[in-house]
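The values are calculated or read from the model by the stated rules, or taken from the named source; none is laboratory data. Please read all numbers here as calculations on a predicted model, not as lab measurements. Don't worry about glycine lacking a Cβ; one is built from the backbone with ideal geometry, like all the others, and counts go over all protein chains shown. Accessible surface is based on the protein model in full, side chains and every heavy atom, while ligands, DNA and RNA are left aside. Shrake-Rupley method; radii C 1.70, N 1.55, O 1.52, S 1.80 Å.
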Amino acid sequence: MGRVNAECNACMCEDRLLHGKVSLQDGAPAVGAAISLQAKSTKLLTVTDDDGVFQVPGICPDGKTILEIKKPRYTTTLVSVPANSGNASLVHVHLKRAEKPYMVTHPESKARREGQSVSFCCNAVGDLAPDRYFWFHNETLLDPRLYKYKNNLVLKNVKMDHAGQYFCKTSNDAGTVKSQVATLSVIEKNEAPCNPQPESYLIRLPHDCFQNSTRSFFYDVGRCPPKTCAGMSDKGLRCKDTVTYCCGVTKMETRELACAGYSLPIKVTVECGCQKCTEAKVVVRGRAVASDTEEPMRFGHIYLGNNRVSMTGYKGTFSVQVPPNTERLVLTFVDRLNKFVNTTKVLPFNKNGGAVFHEVKMLRKKPPITLESNETSTISLGDMEGEDPIAKLEIPPNTFYRQNGEPYTGKVKASVTFLDPRNVSSAAMAQSDLNFVNDEGDMLPLRTYGMFSMDFTDEMATESLNAGKVKVHLDSAQVQMAGHLKGMKLWSLNPQTGLWEEEGDFQQDQSRRTKREERTFLVGNMEIRERRLFNLDVPESRRCYIKVRTYRSERYLPSEQVAGVVVSVINLEPAAGYSSNPRAWGRFDSGVTSSNGACVPAFCDAQNPDAYSAYVMASLGGEELEAVASSPRLNPFAVGVPQPYLNKLRYQRTDHFDRNVKKTAFRISVAKPTPNAAEESNGPIYPYEKLQECEASPSTAAHFRFYRVEGDRYDYNTVPFNEDDPVNWTEDYLAWWPRPTEFRACYVKVKINGPLEVNIRSRNMGGTHPRTVGKLYGIRDVRSIRDLDYPNLSAACLEFKCSGMLFDQERIDRTLVKIIPQGNCYRESVNSMLHEYLVNHLPVAVNNDSSQYTMLAPLDPLGHNYGIYTVTDQDPRTAKEIALGRCFDGTSDSSSRIMKTNVGVALTFSCQESDAQRQNLFQALRNVPSRYLVRPLRERIGVRRPSQSRGGLIRGKSNPLVRIPQKAQ
């Protein structure tokens, strides 16, 4: 058909005319799309007009002619001209938005012996699936011809020089992406896979167990760091090892410690070895609430990618189990009632297992305003009192389209919600984690000058509308950091990946300048299509890490570090001249502490220490932790940073000048460490390229500190276990938690009649299992809380070890629980329903001593009517927190932080005030802990023994007792 063209590379039919239309994904016209003829050399034919229409004469409709359609930020599309015998042909092409590849499978760190084999895998997805992968070892490209890899890299007969870091890289037409780094550890054939010598690990002993030999309340029980080790060889080459091996406890020994009137058994780690890793479930939970009033987002949907994975509850609470091998958890919170802006968050989590709590602040949508679709409309971005807007939106006439691509005429309801960084309190509402992927595939940070969400609907608010040719006019006076005006870009959020993608540049706006107007504006163009969240951002390369550790108390002991704490950093931009008074926030980052703290990214500057400052805060389960004080005297040993570097960082707690302000954050100047300065080379600020050094830094290295303000509560486990780090769980019959993937917390509510707050202890021993009978599982101490309305009434929620299967899952043990108020107390009554249950579920524990109460813990989760509160969860801290909240409230389905002393009580004791000359146990310990003498317990606390007859009655009923075998304590 036709004849050969002048270039001799295609046919042409002079009497034929091709009509075409190019539309975007939502049906809107694709303006300015390039139409080319695909031949030996691609030839540009024409571009589409404002309606997305084009005409090309001379194109032969033979079914073989291929046209190439290109438009920036959209996937290149090829279309063949259909065969047609007429003089005119028609093609209609829909373009899809081009998305950079996104890495969904990352290589995993592994350990091998010399001579073994190993496989690393990665996988990226995208509209254009990448087909070529490149692997790097210690930043050096591995030769594809030599290693013959694709998306998996196989190393056979590994040598010592194979050890190091590996990552993969791939790309498509839209961009490039890199995987996370995986580490390969290689040991010699005869080398021990783990250091058999445990590292030091101190635990706190009960308050009546001071050790004279060490002059301390602490004891070194040792621990094995749970790092990956080379276990049994797996013959198959898999992306993920069938069985993963970690260094763990292989031998423990039991020791007896002399305490005040009793002997305390304790299990100490004496040998480490390579064994199967403990697999713990990883969970994020929290609340989604309004940023202004904390109104919960009720029954909202939570999406992971395109999949709905959870919903929020009536109080805005949510829980999501993190899928295995997840590197970045990107969740989108969608309000079905349309009160709040859809919010995409990248939530950090504890990879070692357990739950991390996040409070997701939802930005309330602005009330809609009415626009005329055939008129130019202007909407201001930024409404800080006394400040000019940061930018303005200009919407030209006739720019709105329906979802099917048809032009829309009529009134438009427009809701534009702007997140203004000049309001420092709005930082927690930032979407995503403000990162983008550059042309090399590296993930880099952005510094924001404002985010805005746009919703356009028809007049009846029944159909969402799209818009094209929207302009953003940015006031350059609002950008004061050097170089930021040149780097300013428009970005849109990809909710699937949580990454920001470039929409366009800004150019100087000549049309708005007048002789009277001194301000300069920058203008950027954008389209409102499937994405509705945009950002005014600048890529920023001046980056560092801040090392933070969190502790259980102000003792700041390495063994008392708390994992699972969310540490947040708000990066501040100071006013011109590096004033100490910030004018805006630029970025919000978070990290989760492990047993070795957290390294949280922040902007920093080497030339000007005050160029960037930051607020740092920490929270655990919604509870804010306290920072170390900076006044009246700054103590470098307490802060954790030596001088003179501390002065350079200008550390100040938030209450530095005003004691009425919260103590839960501190502010520093993020001064990048000076090279070759010894006092600045050991933390707490690390250059961005030294992340691994920051993460592996020992507890003796400089770091910032937070601590929990804990009440009079103490937990002791015979088999040591850190509830913040479930992977350290040890198989043992005396383990408090029998399984590392399911944790059952049990509490009993105890009421105290008397003028004093009383310390109450639960002593938990094996009751019916032959391997544990009479042996101690652990001790729990808690202090009663005084009733706000009744001064002679207090109550406590006391944890005890639940009955149930032990770790071998073969036989049940009914835990023998002794509840002992430590003071001049006697038992008044026992909950009648609890008493009846225990009598009907034999055996029944002996209760001859009326100053305490003994029971074989119930197997069933009884509930508030019995005064027993039981919760099972995948995370031990979560289970305890929920059960404790129910116990405080005295209900089985609600929660409270205020103790309700007369509701849901199991036991009631009457406690009288001791002689004025005699101190109680806590007073003695607080006053002279270092001089505490080991004496018989009853001599020190003066137990009062009422008559046997009163102890044997429970609310007027006789108490039948069945004696069971017990070891003397």
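At a glance:
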item: ASN902 at pLDDT 90 or above and surrounded by fewer than 16 Cβ atoms within 10 Å (Cβ to Cβ); result: yes
item: Pairs where the first residue, in the range 112-134, is among the basic types (Lys, Arg) and the second is at pLDDT 90 or above, C-beta under 6 Å, 6+ apart; result: ARG112/VAL118; ARG112/VAL158; ARG112/VAL186; ARG113/ILE187
item: Set PRO843, PRO861: member being in a loop (DSSP other than H, G, I, E, B), open to solvent by 10 Å² or more (accessible area, probe 1.4 Å) and without any contact (Cβ under 8 Å) to a residue 12 or more places away in the chain; result: PRO861
item: Wholly enclosed strands (runs of 3 or more DSSP E) of the range 140-222 bearing at least 1 residues under 30 Å from THR244 (Cα atoms) and touching a Gly at 6+ places or on another chain (Cβ under 6 Å); result: 164-172, 175-178
item: Residue list for the range 761-775, restricted to those being within 38 Å of the chain's Cα centre (by Cα) and charged (D, E, K, R); result: ARG761, ARG763
item: Residue in the range 774-789 that is farthest from PRO858 (Cα to Cα), counting only those that are among the aliphatic types (A, V, I, L, M) and open to solvent by 50 Å² or more (accessible area, probe 1.4 Å); result: LEU788
item: LEU444 being in a strand (DSSP E or B) and surrounded by fewer than 18 Cβ atoms within 10 Å (Cβ to Cβ); result: yes
item: Hits in the range 782-808 - residues which are out of contact with any Ser or Thr (no Cβ under 8 Å at 6 or more places or on another chain), in contact (Cβ under 8 Å) with a residue 24 or more places away in the chain and not small (Gly, Ala, Ser); result: VAL782, ARG783, LEU788, PRO791, ASN792, CYS797, MET805, PHE807, ASP808
item: Qualifying residue in the range 72-92 (condition: of a type outside the set (Ser, Thr, Tyr) and closer than 22 Å to ASP439 by Cα); result: yes
item: 1 or more residues hydroxyl-bearing (Ser, Thr, Tyr), farther than 30 Å from VAL565 by Cα and open to solvent by less than 40 Å² (accessible area, probe 1.4 Å): qualifying strands (runs of 3 or more DSSP E) within the range 337-409; result: 377-381
item: The range 268-304, residues that are surrounded by 15 or more Cβ atoms within 10 Å (Cβ to Cβ), more than 28 Å from VAL243 (Cα to Cα) and out of contact with any strand residue (DSSP E or B) (no Cβ under 7 Å at 6 or more places or on another chain); result: ARG298
item: Filtered residues of the range 416-441 (kept if within 28 Å of GLY622 (Cβ to Cβ), of a type in the set (Asp, Glu) and surrounded by fewer than 22 Cβ atoms within 10 Å (Cβ to Cβ)); result: ASP420
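Listed here are the residues, each with its yes/no results for (1) more than 19 Å from ASP724 (Cβ to Cβ); (2) outside any strand (DSSP E or B); (3) in contact (Cβ under 8 Å) with a residue 12 or more places away in the chain; (4) of a type outside the set (A, V, I, L, M, F, W, C).
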{"residue": "GLY236", "(1), (2), (3), (4)": "yes, yes, no, yes"}
{"residue": "LYS240", "(1), (2), (3), (4)": "yes, yes, yes, yes"}
{"residue": "GLU253", "(1), (2), (3), (4)": "yes, no, yes, yes"}
{"residue": "ILE266", "(1), (2), (3), (4)": "yes, no, yes, no"}
{"residue": "CYS272", "(1), (2), (3), (4)": "yes, no, yes, no"}
{"residue": "VAL283", "(1), (2), (3), (4)": "no, no, yes, no"}
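Here is a yes/no grid of residues against (1) open to solvent by less than 30 Å² (accessible area, probe 1.4 Å); (2) part of a loop (DSSP other than H, G, I, E, B); (3) at positive phi:
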| site | (1), (2), (3) |
| --- | --- |
| LEU18 | yes, no, no |
| LYS21 | no, no, no |
| GLN25 | no, yes, no |
| LEU44 | no, no, no |
| ASP50 | no, yes, no |
| CYS60 | yes, yes, no |
| LEU67 | yes, no, no |
| GLY86 | yes, yes, no |
